[in-house]
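The values are calculated or read from the model by the stated rules, or taken from the named source; none is laboratory data. Just so it is clear, the model here is predicted, and its values are computed rather than measured. Here Cβ is always computed from backbone atoms with ideal geometry, including for glycine, and neighbour counts include all displayed protein chains. Please note that ligands, DNA and RNA were not included when accessible areas were found on the heavy atoms of the full protein model with its side chains. Shrake-Rupley method; radii C 1.70, N 1.55, O 1.52, S 1.80 Å.
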Amino acid sequence: MRHTPAMETALLAFMSVHEGPVGARAAARHLRDRGFDVSESTVSRLLTGLDERALTQSLGKKGRILTEEGTRVAANQQLDSQRASSFADALNLRDVHDLLDHLASRRGIEREAARAAALRARPEELTRLRAMVQTGGEARWRERLAFHKTIGDASHNKQIQAITTTLFDERLDLLERLLIMIGIKQDALIRWDQEHRDIVASISDRDADGAERLMVVHLDGMIRETEHFANSGNAHVIHTLLAEIDLA
Ligand SMILES: [Zn+2]
């Protein structure tokens with residue numbers, strides 16, 4: 001049986017809170033309690049591997065303790081998993097209110113992304129953005145999401161990129177389809193496509209103020225149309241679709 005990265009993370013976490021050395025038997029018992037189907041010999045191999053990577057140190061029969069490096073790795077993994085679960089929770093949109101909050105936070109991030117893209121986008125990114133907005137139509141929801149992703153990338157600001165990569169996670173493709181559906185029902189899709197073209201024109205002109213302003217206008221419009229759509233007796237449509245996204 002082979003061990004998995006999740007098993008290793010759980011073992012490091014266990015060792016970091018355990019007082020004193022941990023033996024293979026106690027480690028295997030802990031992992032089984034956590035739902036891992038694991039034998040003592042697998043855990044022994046895992047621990048030997050950790051020794052080789054200088055994350056653990058053997059104290060002979062007493063078992064093993066984490067090295068300084070092992071303690072650091074365990075703490076980082078803990079932070080990573082907290083961060084992942086808080087993002088997962090934020091992206092688990094349940095109702096109209098969550099959806100509007102999501103769009104408002106996109107407005108905050110994407111206005112800065114558009115501004116930075118106007119200042120920093122590379123020529124090939126400008127070419128790609130121009131190609132993306134040339135045509136419109138209902139079938140182009142993937143390109144519409146890619147448009148927002150590309151502006152995030154073209155910001156060349158690591159902080160913005162880290163957040164937009166998460167906001168435009170593939171799991172949220174369905175959310176974009178929901179927004180397109182709202183755009184169609186509210187007759188706003190043509191306007192949104194025009195706004196995309198205007199944003200690209202400002203970025204191409206290296207007009208940071210213009211790009212930022214137009215992105216705010218664009219997200220404001222999406223927020224307004226979503227509110228109108230929900231308030232015209234369609235909140236249940238949004239809730240049903242959000243539940244599907246959650247399952248996806
Ligand atoms: Zn858009």
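Sorted by accessible area (1.4 Å probe), largest first, how do 217, 200, 17 line up?
Details: 217 65, 200 5, 17 115 Å².
If we order 217, 200, 17 from most to least accessible, we get 17, 217, 200.
All Cα-Cα separations within the range 141-248 were binned at 5 Å from zero, giving a P(r) of 2, 11, 19, 23, 21, 14, 7, 3, 0, each value a whole percent of the pairs.
Quick check of the Kirkwood formula: for the chain, what is the inverse mean of 1/r over all pairs of different Cα atoms, in Å?
Working: mean 1/r = 0.0474 Å⁻¹.
When all Cα pairs of the chain are included, the Kirkwood radius is 21.1 Å.
What the Cα atoms of the range 94-193 give is an Rg and a Dmax of 13.6, 40 Å. Applying Stokes-Einstein at 10 °C and 1.306 mPa s to the Kirkwood radius of the range 198-248, computed over alpha-carbon pairs, gives a translational diffusion coefficient of 123 µm² s⁻¹.
Peptides 101-110, 52-61, 145-154 ranked from most to least packed give 145-154, 101-110, 52-61, packing being the mean of other C-beta atoms within 10 angstrom over each peptide's residues. Between amide H atoms placed 1.01 Å from N, distances below 5 Å from residue 64 occur with 22, 23, 59, all of them 5 or more places distant or on a separate chain. Kirkwood Rh, Cα Rg: Rg to Rh for the range 6-80? That ratio equals 0.92.
Could you size up the charge dipole of the range 5-84 around its Cα centre, putting +1 on the beta carbon of Lys and Arg and -1 on that of Asp and Glu, and report it in debye to the nearest 20? Could you put the intermediate results ahead of the total?
Values: 11 positive and 10 negative charges, 41 e Å.
In total the dipole reaches around 200 debye.
Let me have the 222 nm mean residue ellipticity of the chain computed from DSSP H runs of 4+ only, each contributing -39500 (n - 2.57), with the sum over all residues rounded to the nearest 500.
Values: 12 runs with 183 residues, N = 248.
Mean residue ellipticity at 222 nm (helix-derived): -24000 deg cm²/dmol.
Only one residue of 78, 166, 132 has its Cα farthest out toward the positive end of the dipole of the chain, where Lys and Arg carry +1 and Asp and Glu -1 on Cβ, and that residue is 78. Karplus-derived 3J(HN,Hα) values for the range 41-54, using 6.51 cos²θ - 1.76 cosθ + 1.60 with θ = phi - 60°, are 5, 4, 5, 4, 5, 4, 5, 4, x, 5, 4, 4, 8, 6 Hz; glycine and proline are entered as x. Using only alpha-carbon positions in the range 37-95, the gyration tensor eigenvalues give semi-axes of 33, 15, 8 Å once each is multiplied by 5 and square-rooted (largest first).
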